[in-house]
Amino acid sequence: MGVDDFFDDEFLDFESDDDFEEFENSSSFISSFNNFKDSLTTKHFIVFGGVIMSLFLVYFVSYRFEVRNETNITAETTTLSPTTTLSPTTTLSPTTTLSPTTTTAVKTDVVSATDPLESTVIVALPDCGYMGSGTIVSKLGFILTNEHVISDDGTSCNKKIEIWTSESGEKDPVLKYIAEIVEQNITLDIAILEITRTYDGSPLPKSFRNMCVGDSNSVSQGDNLLIWGYPDVRDVNFDTIGRIDVSQGFVSGFDAETGLSEKAWISLSSTISSGNSGGGAYNELGQLVGVPTAVYQGNFSSRGLLRPMNLVLDYFDSFYFESCKWYRKK
């Protein structure tokens, strides 16, 4: 009996025994798959799902890691200023170099030459009727001057100390601050003042423009020094206060003083006006190295005398001053 005689359904009308065997094999595969599926338990599905999730997590983490590394590399190699923008068509050649001539050399340990203008002040005692010069030597508002500029002569007239400043050499100074005496040394003729408030009641600045202190032991004979101060301040008439002035002189020698130092004075070739007392003497680097203090009257000439800053530092706490070693040109 043939295959066709066994099956009456046209859908299962096999043309040959080979077709029937193929059908039988496929049925066997389906049956095996169904048997395998029926044999799976909930535990098997949980394990299978866990494997799938693990593979997905491994892929996801690997992908995120690669993306983050690419982002970091891009950020490190293309760091731009917040205000810098590049055109979408802009490309940078990897061989681009800067010419050596574009490098600008900057000197260190040099103070701007405009600093003495803003840091040199008038120290005025209206109740005493006299005034002199001073130098702001700290961002905190400490002022270096001569003791005789703020002495009270026993009348307590130095309770009110006015500080006048200049915006430029072409303008008259203006009354800006009120100061108090912090320390004074009669032997050295040196005093330290502190700015405590503004004259008009406005807030004090957070930082004062000041001069830094250099090494006066490095000053040698023949060195040129600049003297900043107010040589023309009037003793009585406060309506005609003189303007800030700068003069020059060379170091002619050094004088000793018993009980102080073999280098207690720096002698200057030029005469120092009485109004310059308490001002500043600066070396070629713009560092404060001396305080104009006195005038020596000789038989045939007179010369100015400066107190060396190293001697001042021997008697006053360094807290009041700022050293030039911390300064750089701005």
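The values are calculated or read from the model by the stated rules, or taken from the named source; none is laboratory data. If you're wondering where the values come from, they're calculated on a predicted model, not measured in any experiment. For neighbour counting, all protein chains shown are included, and Cβ atoms are generated from backbone atoms with ideal geometry for every residue, glycine included.
Of the residues in region 195-217, how many are of a type in the set (Gly, Ala, Ser) and in contact with a strand residue (DSSP E or B) (Cβ under 9 Å, 6 or more places away or on another chain)? Qualifying residue count for the region: 2. A single member of GLY242, GLY249, GLY275, GLY259 is at pLDDT below 95 and loosely packed, with under 15 Cβ neighbours inside 10 Å, and it is GLY259.
Looking at region 248-262 only, could you name the residues that are more than 16 Å from GLY222 (Cα to Cα) and assigned to a strand (DSSP E or B)?
Let us first name the residues in region 248-262 that are more than 16 Å from GLY222 (Cα to Cα), namely 256-262.
Those that are more than 16 Å from GLY222 (Cα to Cα) and assigned to a strand (DSSP E or B): ALA256, GLU257, SER261, GLU262.
Out of region 203-222, which residues are farther than 18 Å from SER323 by Cα and outside any loop (DSSP other than H, G, I, E, B)?
Within region 203-222, the subset farther than 18 Å from SER323 by Cα is 203-206, 220-222.
Matches in region 203-222: none.
Taking the criterion of being without any contact (Cβ under 8 Å) to a residue 60 or more places away in the chain and either outside the structural domain of GLY132 (by TED's automatic domain parsing) or surrounded by 24 or more Cβ atoms within 10 Å (Cβ to Cβ) (or both), would at least one residue in region 283-305 satisfy it? Checked region 283-305: no residue is without any contact (Cβ under 8 Å) to a residue 60 or more places away in the chain and either outside the structural domain of GLY132 (by TED's automatic domain parsing) or surrounded by 24 or more Cβ atoms within 10 Å (Cβ to Cβ) (or both). Annotation: GLY154 fulfils all but one of (1) on the phi > 0 side of the Ramachandran plot; (2) in contact with a Ser or Thr (Cβ under 7 Å, 6 or more places away or on another chain); the unmet one is (2). Applying the set (1) within 35 Å of the chain's Cα centre (by Cα); (2) farther than 15 Å from PRO292 by Cβ to ILE241 leaves exactly one unmet item: (1). Counting only residues that are part of a loop (DSSP other than H, G, I, E, B), loosely packed, with under 13 Cβ neighbours inside 10 Å and over 29 Å from the mean Cα position of the chain (by Cα), region 141-171 holds 6 of them. Check whether at least one residue in region 230-239 is on the phi < 0 side of the Ramachandran plot, at pLDDT 95 or above and touching a Ser or Thr at 6+ places or on another chain (Cβ under 9 Å), and report yes or no. Within region 230-239, not a single residue is on the phi < 0 side of the Ramachandran plot, at pLDDT 95 or above and touching a Ser or Thr at 6+ places or on another chain (Cβ under 9 Å).
Among all positions in region 213-230, there is no residue which is in contact (Cβ under 8 Å) with a residue 60 or more places away in the chain and over 18 Å from GLY290 (Cβ atoms).
Scan region 177-197 residue by residue and report those that are under 31 Å from the mean Cα position of the chain (by Cα) and surrounded by fewer than 19 Cβ atoms within 10 Å (Cβ to Cβ). ILE178, GLU180, ILE181, VAL182, GLU183, GLU194, THR196, ARG197 - these are the residues of region 177-197 that are under 31 Å from the mean Cα position of the chain (by Cα) and surrounded by fewer than 19 Cβ atoms within 10 Å (Cβ to Cβ).
Per the listing THR145, THR196, the residue uniquely in contact with an Asp or Glu (Cβ under 9 Å, 6 or more places away or on another chain) and touching a residue at least 12 places away in the same chain (Cβ under 8 Å) is THR196. The residue of region 255-275 that is farthest from TYR230 (Cα to Cα), among those that are free of Cβ contacts under 8 Å to residues at least 24 places away in the same chain and touching a strand residue (DSSP E or B) at 6+ places or on another chain (Cβ under 6 Å), is GLU262. Answer with yes or no whether ASP200 is part of a loop (DSSP other than H, G, I, E, B) and exposed (fewer than 12 other Cβ atoms within 10 Å of the Cβ). Criteria met by ASP200.
What about ILE122, is it assigned by TED's automatic domain parsing to the domain that holds ASN185, assigned to a strand (DSSP E or B) and farther than 18 Å from SER273 by Cβ? Full working, then the answer.
On the way: assigned by TED's automatic domain parsing to the domain that holds ASN185: yes; assigned to a strand (DSSP E or B): yes; farther than 18 Å from SER273 by Cβ: no.
Answer is no for this residue.
Residue by residue through region 124-148, note down the ones that are modelled with pLDDT under 95, hydrophobic (A, V, I, L, M, F, W, C) and under 20 Å from ALA281 (Cβ atoms). Selection gives MET131 alone.
Here's the yes/no breakdown for (1) at pLDDT 95 or above; (2) outside any strand (DSSP E or B); (3) more than 19 Å from TRP228 (Cβ to Cβ):
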{"residue": "VAL291", "(1), (2), (3)": "yes, no, no"}
{"residue": "VAL295", "(1), (2), (3)": "no, no, no"}
{"residue": "ASN299", "(1), (2), (3)": "no, yes, yes"}
{"residue": "ARG303", "(1), (2), (3)": "no, no, no"}
{"residue": "ARG307", "(1), (2), (3)": "yes, no, no"}
{"residue": "ASN310", "(1), (2), (3)": "yes, yes, yes"}
{"residue": "LEU313", "(1), (2), (3)": "yes, yes, yes"}
{"residue": "LYS325", "(1), (2), (3)": "no, yes, yes"}
{"residue": "LYS330", "(1), (2), (3)": "no, yes, no"}
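Note on region 308-324: residues that are among the small types (Gly, Ala, Ser) and closer than 10 Å to ILE192 by Cβ total 0.
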